[in-house]
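Trainee: Provided herewith is a single structure, encoded as structure tokens, for subsequent inquiry.
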Amino acid sequence: MNRVMADWENPAVIEINKEKPHVESFHYSTLEQLKKGDASSWRLDLNGTWHFKLSKNPDVRPADFYEESYDVSDWQNIEVPGLWQLQGYEEEDLPYYLTSDFPPSMNLKHIPAISHNENAVGSYKKFFAVPGEWANREVFVRFGAVKSAFYIWVNGNRVGYSQGSMTPAEFNITKYLKYGDENTISVEVYRYSDGTYLEGQNTWFLSGIYRDVYVYAEPKIRIRDYFVSCSMDDSYEDAYLKIDVQVENHAAEDQGLQMSAYLAESIKDIEAGYLTECRLVAQVACRTKVTMESTIINPKKWTAEAPNLYVGAIVLKNNTGQIITTKKFVFGFRTVEIHDAKLLVNGKSIILKGINRHDFDPDTGFAVSKERYEQDIKLLKSCNINAIRTSHYPNDAYFYDLCDQYGLYVMDEADIETHQLEKHASISNNPDWCQPMVDRMIRMVVRDRNHPSVIIWSLGNEAGYGENFFEMKKAAIEIDKTRPFHYEGDLELLISDFISKQNASLEYIDKVGCDRDNYKKPALLCAYGPGRENGLGNLKMYMDKFQKYDNWCGGFIYDFADQAIRKNVDGKNIWLYGGDFGEEKTSGHLCASGIVAADRSLHPTAYEVKKVYQGFEVKEIDLILNMVELYNHNSFINMNLYKMNWELLEDGEVLKQGELEEMNVEPGESKIITVPIPEYKKLEEAEYHISMNCYLKEANNWGSVEEVIGWEQLKLPNVVRAKEKKVSQKSLAVHDRKIKVEVLGEGFSCRISKLTGDVTSLVFENKEYLLSPLKLNFYRAATDNDLKESSERKGFIFFGKVNWKKVSESYKVQKVIIENNRSEVVIKIMRKVKHIKNSLITEYTIDGNGEVYVSHQLTPKKNLIKFGSTMEISNEFNTISWFGKGLHENYSDRQEGAKVGVYSCHINEYIHNYLRPQENSNRTDIRWFSATTEEGEGLFFEDAGKTLLNMSAWPYTLKDLDEAHHIHALRMRNSITLNIDYKQKGVGYDESKQKKYQLRKNIEYKYGYKICRAF
């Protein structure tokens, strides 16, 4: 027997009695009330505590709970906005994190069917009072967003149904309410619906009423919708303002009306900003459209660099001049055009220094608070990010308000992503799915088209390519002709106004940049990087390409924040990812791709983004004369909005400092300046750098005058003579035994194994400093980019078909040569190491001063992961100091954001914890480093091979790091692991394509370092 298709698995039913989309705006009775800036008194908030019951499937739900007589006193409570899996129901109804798949309840072979046995239903009920003065008005209830589909009842009356879980749903409830009395609202939420097949958006599958819910009242004749837009003259000075307004008449008869518009820089001046007016007749039960127009002489323009906003008002009066309603709007004068394969804002070419951002909070999921939004926006601005792709769905309306205010370009993306469904059923080419797809597009465009920050509409992400996308764009153009459209899946470029790729190679960027005959549209990377925890290599190389080719308008890093879930267990916070809830299938740790952690603490990648995305650059002209050239890469603002100071560093320490005079450099221009460094004496053995730090002149809504918003560091020319080695006259004793060589000096000893060639003991003043041998290492704990899309580490262990982990544990000595010169002993060891040509040659040079010089030389037969040494010491030596790049972690392909300097911190601050434990804490360009007690006792290491070192330190072992799956499970030891390395391969996603960041086969590598006691 055929089962009756439910509304929630029928693409033909996407709504019942739901209002058509419109701008979110509220009624004010007068301009004076609007000017006060208070929330409208005609809005009633329904956020807060609701009665709630979760049912496993529709068959066992309380089907009649909406009846007024139904007793819900024994139900649990739940907070709205919120998601039930994050409010204690995660064991009853599992969260799923999936990047390109769908939960088990969805049958990919029988789309759009949903399992009737495994489709949880959340029943919500709330009591609320409606003021008596609302009785002669139209009253609506608005849900900011609900996942995935829901029915609504008011006072026992069924009102309607909605799906499309990322945009608002609104219902007219006027006839169902009891005015001046208590009312009930009941909502039945289905976890999955046919709409979920359009929502495989690289995020968690969670459920509930997760954005604001409120009731609001409007006059019987109301301003239902408006769209404010502008064009500009050829010089982009004067603007032509257009205000399209839709009036709806719920009254009993036609009405003659007057409408006027106002615009001012400040709300307090709104009445003085009168623009224009018109007359209209609003017919009963109809929506009447009118247009008001005005020329504005040279208004302040809106850009991400200078987000100038105006406040406007639309006033509707009856034919006797009495005000019926007043609506407020915010407007930015901004145009978006594509010309000669360039993306233009206000007539100027821009580069999108962008990032993808998921709307997610570690505690509340998609129910993001205003405070979290504000925190995110400030972080984005402080990282010099100027554009956001709302991957892969529309965000809450408040987010766009903040983008308008703070200045961020937005690619607004429709909530359509199907991934592998196209293999089973071509949804994008199926007429049955055309209406749902078009509806999602229209609802996004109508809600967000008044935001100047929104400069590009995106038709979705990874959803195949079919006729339905043509219909989506056609419908969107009918309601907004002011913005271009993006869709990466349009390889034929029949729909998309952009050439768009994910994670494209640098070679592809060159190809498009050079071949303008075949690539006639602007190009962008809709997702690149990617962050993937310890990742984001090569970012500077991409930015250089964007600046080189004017038909490349930038890209969006993937992505902003880790989508980890925080859970308190026994009073301790732990961080969870896909698979931690016992799900049958998962994409695991791939939810962690951010440049910030889920709690918004910065990952080291954030510093790289901030440096590479900064709006200026300083290049050397003649550093002997302290002459440099300052480039202003901004499109709209002068460098005189900033102040800059300089620091002269001698061996990483500040020697002198000062400020530059005002920098008057127009956007897109450059200026040669002389840094006013006073005379100083250069030491022959010293290294000198000049650092130039840029600050805001005045604090703004996202940054203070103390925050460095950008910097450059240049190495000054100097003849650096190698420090002369202190010749010791102290004699050494050598004990050459069968399995070891021991060298003894005054107050120290060093023992070397003749079986492995490793240093097995290092004693100073009768104290052993090694807890494990100083040994060779060719392996690192896999980064997320090393694993690519997999969660299995086995593939990385066999990097290049070589088990470098095993190689690091299984080498043997072939030959030992000892040369004893009384005050200096040289021990040369040839070792047999798999996949290394001939022998790996190690020399230990030990002198009477207690200094041990180590050098390693090899030629690999296969590409290496890493070439270095590792050892363990006591955790009493927990202060890590170094002269090299820092302060934060950096790698060969991710070090632009790190300055050369002298740094020091505790081991717990030195490491960096990622959601999934992996390689971390490396520092590059190391001249020297030490691991000491607070008093300064410990070990000192110095580059002795003139290659500069890489180093890292952990309060755990490599084995611990490699085997742990969660940071809370990573065992902290009573020892510290020190890694003294030549280099390791890069951490970028496409590292395999960048030879400069690899340790290549058939190339000889050699490095060396000195070890001695620090005191």
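The values are calculated or read from the model by the stated rules, or taken from the named source; none is laboratory data. Values in this document were obtained by computation on a predicted structure and should not be read as measured data. No Cβ is skipped: glycine too gets one built from the backbone with ideal geometry, and neighbour counts run over all protein chains shown. Protein only, heavy atoms only, side chains kept; ligands, DNA and RNA dropped before computing areas. Shrake-Rupley method; radii C 1.70, N 1.55, O 1.52, S 1.80 Å.
Trainee: Might you tell me the accessible area per residue for the chain, computed with a 1.4 Å probe and given in Å²?
Mentor: Value returned for the chain: 39 Å² of accessible area per residue.
Trainee: Can you compute the modelled spin-label distance between A686 and N875, with each label point 7 Å from Cα toward Cβ, in nm?
Mentor: 3.9
Trainee: Per the 1.4 Å probe, what fraction of the accessible area of the stretch 536-594, in percent, lies on carbon and sulfur atoms?
Mentor: 46
Trainee: What figure, in Å² to the nearest 10, do you get for the accessible area of T482 with a 1.4 Å probe and non-protein molecules left out?
Mentor: Solvent-accessible area, nearest 10 Å²: 40 Å².
Trainee: For Y274 and L655, calculate 0.36 nm times their separation in residues minus their Cα-Cα distance, and state this gained length in nm to one decimal.
Mentor: Between Y274 and L655, full extension yields an extra 131.2 nm.
Trainee: Taking the Cα atoms of the stretch 222-331, report the difference between the largest and smallest coordinate on each principal axis, in whole Å and largest first.
Mentor: Extents along the principal axes: 49, 28, 21 Å.
Trainee: For the stretch 660-794, with the dipole built from +1 on Lys and Arg beta-carbon atoms and -1 on Asp and Glu ones, taken about the Cα centre, which of G745, V719, F764 lies farthest toward the positive end?
Mentor: Result: G745, furthest along the dipole toward the positive end.
Trainee: Using modelled amide H (1.01 Å from N, peptide plane; none on Pro or chain starts), what sits under 5 Å from the amide H of T203, excluding residues fewer than 5 places away?
Mentor: For T203, the qualifying residues are L98.
Trainee: Roughly how many nanometres apart are two label points built 7 Å out from the Cα toward the Cβ at I16 and A306?
Mentor: 5.5
Trainee: Something else: Beyond 52 Å, what share of the Cα-Cα pairs of the chain is found? Please give it as a whole percent.
Mentor: Cα-Cα pairs in the chain separated by more than 52 Å: 29 percent.
Trainee: Along the stretch 885-890, what does the Karplus equation 6.51 cos²θ - 1.76 cosθ + 1.60 (θ = phi - 60°) give for ³J(HN,Hα), rounded to whole Hz, x for Gly and Pro?
Mentor: Once θ is set to phi - 60°, the couplings for the stretch 885-890 become 8, x, 6, 7, 4, 8 Hz.
Trainee: Here is a follow-up. Taking the 0 to 90 degree range and rounding to the nearest ten, how far is the long axis of helix 397-406 tilted relative to the main principal axis of the chain, both from C-alpha atoms?
Mentor: 60
Trainee: Report, to the nearest 10°, how far helix 467-479 tilts away from the longest principal axis of the Cα atoms in the chain, using its own Cα long axis and a range of 0 to 90°.
Mentor: 60
Trainee: Still on this structure, I have one more. Step through the residues of the stretch 255-261 one at a time and calculate ³J(HN,Hα) from phi using the Karplus curve (6.51 cos²θ - 1.76 cosθ + 1.60, θ = phi - 60°), rounding each to whole Hz and writing x for Gly and Pro.
Mentor: Whole-Hz 3J(HN,Hα) from phi for the stretch 255-261: 9, x, 9, 10, 9, 9, 10.
Trainee: Okay, next question. Size of the dipole of the stretch 733-1014 about the Cα centre, Lys and Arg at +1 and Asp and Glu at -1 on the beta carbon, nothing else charged, in debye to 20?
Mentor: Charge dipole, the stretch 733-1014, about its Cα centre: 1700 debye, nearest 20.
Trainee: For the stretch 615-713, just run the numbers: alpha carbon Rg, then divide by 2.2 N^0.38 Å, N being how many residues it has.
Mentor: That ratio works out to 1.12.
Trainee: Here is a follow-up. Rounded to the nearest percent, how much of the accessible area of the stretch 927-991 (1.4 Å probe, protein heavy atoms only) is carbon and sulfur?
Mentor: Percent of accessible area from carbon and sulfur atoms in the stretch 927-991: 46.
Trainee: In the neighborhood of W75, defined by Cβ-to-Cβ distances under 10 Å, what is the net charge if each Lys or Arg adds +1 and each Asp or Glu adds -1?
Mentor: Details: positive: K53, K125; negative: D71, D74.
Taking every other residue near W75 into account, the sum is 0.
Trainee: Another question about this same structure. Using each residue's phi in the stretch 737-753, evaluate 6.51 cos²θ - 1.76 cosθ + 1.60 at θ = phi - 60° and report the 3J(HN,Hα) Karplus result to the nearest Hz, with x for Gly and Pro.
Mentor: 10, 4, 10, 7, 10, 10, 10, 10, x, 6, x, 7, 8, 9, 10, 10, 6
Trainee: What is the set of long-range amide H partners of D396 at a cut-off below 5 Å, with H atoms built 1.01 Å from backbone N?
Mentor: Result for D396 returns nothing.
Trainee: Using +1 at the Cβ of each Lys and Arg and -1 at the Cβ of each Asp and Glu in the chain, identify which of I185, C286, A527 lies farthest towards the dipole's positive end.
Mentor: A527
Trainee: To the nearest 20 debye, what is the magnitude of the charge dipole of the chain about its Cα centre, counting +1 on the Cβ of each Lys and Arg and -1 on the Cβ of each Asp and Glu? Please list the in-between numbers first.
Mentor: On the way: 126 positive and 147 negative charges, 773 e Å.
Here the chain has a charge dipole of around 3720 debye.
Trainee: From the Cα trace of the stretch 929-988, what convex hull volume per residue do you get, rounded to a whole Å³?
Mentor: Measuring per residue, one finds 122 Å³ for the Cα hull of the stretch 929-988.
Trainee: Between the stretch 411-478 and the stretch 549-588, what is the separation of their alpha carbon centroids in Å?
Mentor: 25
Trainee: Looking at the square roots a ≥ b ≥ c of the eigenvalues of the Cα gyration tensor of the stretch 856-1015, which shape do they give, rounded for a/c under 1.5, prolate if a/b is larger than b/c, or oblate?
Mentor: Note, shape of the stretch 856-1015 comes out oblate.
Trainee: Give me the percent of accessible area attributable to carbon and sulfur for the stretch 615-713, probe 1.4 angstrom.
Mentor: Here carbon and sulfur together make up 45 percent of the probe-accessible area.
Trainee: So, one more: For the chain, take the longest principal axis of its alpha carbons; what is the angle in degrees between that and the long axis of helix 434-448, to the nearest 10 within 0 to 90?
Mentor: The answer is roughly 90 degrees.
Trainee: Stokes-Einstein at 4 °C, 1.567 mPa s, Kirkwood radius from Cα pairs: D for the stretch 883-929 in µm² s⁻¹? Let's see the in-between values first.
Mentor: Values: Rh = 11.1 Å.
For these conditions, the coefficient is 117 µm²/s.
Trainee: Would you work out which of S458, M437, Y409 lies farthest towards the positive end of the dipole of the stretch 409-458, given +1 charges on the beta-carbon of Lys and Arg and -1 on that of Asp and Glu, about the Cα centre?
Mentor: Going by the Cα projections, it comes out as Y409.
Trainee: Subtract the Cα-Cα distance of E237 and A135 from 0.36 nm times their separation in residues, and report this length gain in nm to one decimal.
Mentor: Extending this stretch completely gives an extra 31.9 nm.
Trainee: Can you list the residues, at least 5 places off or on another chain, whose amide H is less than 5 Å from the amide H of I621, using H built in the peptide plane?
Mentor: M627, V628, E629
Trainee: Could you order T879, T303 by accessible surface area, starting with the largest, using a probe radius of 1.4 Å?
Mentor: Order by accessible area, largest first: T879, T303.
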